[in-house]
Amino acid sequence: MEFLKVAGKTIQRASIAEEDLVDDSPNFQGEFDYAAARLAQGDQSGVAGEGSLSVVLISDVDLSGSRLGPVELSNVRFDGVNFANATVSAVVARRTEVLRSQAIGLRIDIAKAIDVYAEECRFDYATFRFEQVKGAVVFRGCSFRESVLTGDLSNVVFDNCELTGTEFEATRAAGCDLTESRLTGIRGLLTLRGARINDDQASVLAGQIASEAGLTVIP
């Protein structure tokens with residue numbers, strides 16, 4: 001098992017022994033159930049399906065415009081996947097990774113997120129909703145331009161991310177860490193009670209926080 005520690009949070013990475021995977025063709029139309037499988041390349045754009053993935057590596061698959069849900073994810077790694085304008089509804093995402101993927105306009109709802117990791121992904125104009133976070137969720141080197149993040153954002157870490165025009169609608173945010181990311185024109189700051197920002201970020205955001213609180217700042 002591989003563990004990663006970021007901003008004081010420890011996350012367990014997806015446990016996938018690639019030598020034990022069986023090559024298969026991706027088919028997410030209708031009902032699907034993949035276990036110990038490697039799904040590489042394929043056009044699944046616009047499909048609609050539901051099912052489960054357990055110990056699965058998915059790479060270079062086009063899922064743009066797809067509608068997947070409900071799905072159960074356990075020890076799953078998406079690498080170089082196109083999620084543009086897709087809709088995903090996950091009952092659980094346990095030790096799930098999304099790497100180097102395009103997800104502009106993605107709409108994703110995760111009922112229970114348990115150790116979710118994303119790196120070098122474009123989540124611009126996306127909508128995320130977390131009903132419950134257990135363990136941690138880590139975004140590293142990702143872009144969230146004009147995106148919306150809602151629900152339970154406790155123990156969600158944004159490490160070296162670009163948050164430009166990002167809107168937050170958090171129900172919980174204790175342990176959320178924004179200290180290592182670039183924040184420009186973000187909204188919904190008052191919903192992030194318990195989140196962490198650094199001194200420089202606080203200085204830049206002070207006026208906006210006062211405005212959202214309904215205060216009038218006199219120069």
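Values in this text are rule-based calculations from the coordinates and carry no lab data. Nothing here was measured: the structure is a model prediction, and the numbers come from that model. Heads up, the Cβs are rebuilt from the backbone with ideal geometry, glycines too, and the neighbour counts pull from every protein chain shown.
Computed quantities for the displayed model
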read-out	value
Calculated Rg and Dmax of region 63-124 using C-alpha coordinates, Å	10.5, 26
Pairs of Cα atoms farther than 16 Å apart, region 24-63, %	28 percent
Helical contribution to [θ] at 222 nm, DSSP H n ≥ 4, -39,500 (n - 2.57), averaged over the chain, rounded to 500	-2000 deg cm²/dmol
Normalised per residue, the volume of the convex hull around the Cα set of region 105-201 (Å³)	74 Å³
Rounded D (µm²/s) - region 11-125, Kirkwood Rh over Cα pairs, Stokes-Einstein at 25 °C, 0.890 mPa s	180 µm²/s
Mean separation of Cα contacts under 8 Å, 6 or more apart, over the residue count of region 3-213: relative contact order %	11 percent
Charge sum, other residues only, whose C-beta stays under 13 Å from Val88's C-beta, Lys/Arg counted +1 and Asp/Glu -1	0
Sites Leu21 and Ala111 - FRET efficiency at Förster radius 41 Å, r taken between beta-carbons, to 0.05	0.95
Calculated SAXS-style log₁₀ I(q)/I(0) at q = 0.07, 0.12, 0.13, 0.17 Å⁻¹ - the chain, Debye, Cα scatterers	-0.22, -0.61, -0.71, -1.15
Given charges at beta-carbon only (K, R positive; D, E negative), |dipole| of the chain in Debye	740 debye
Among beta bridges that DSSP assigns inside the chain, antiparallel share in %, nearest 5	5 percent
Cβ-based charge dipole, region 3-213, positive-most Cα from Gly185, Gly49, Val204	Val204
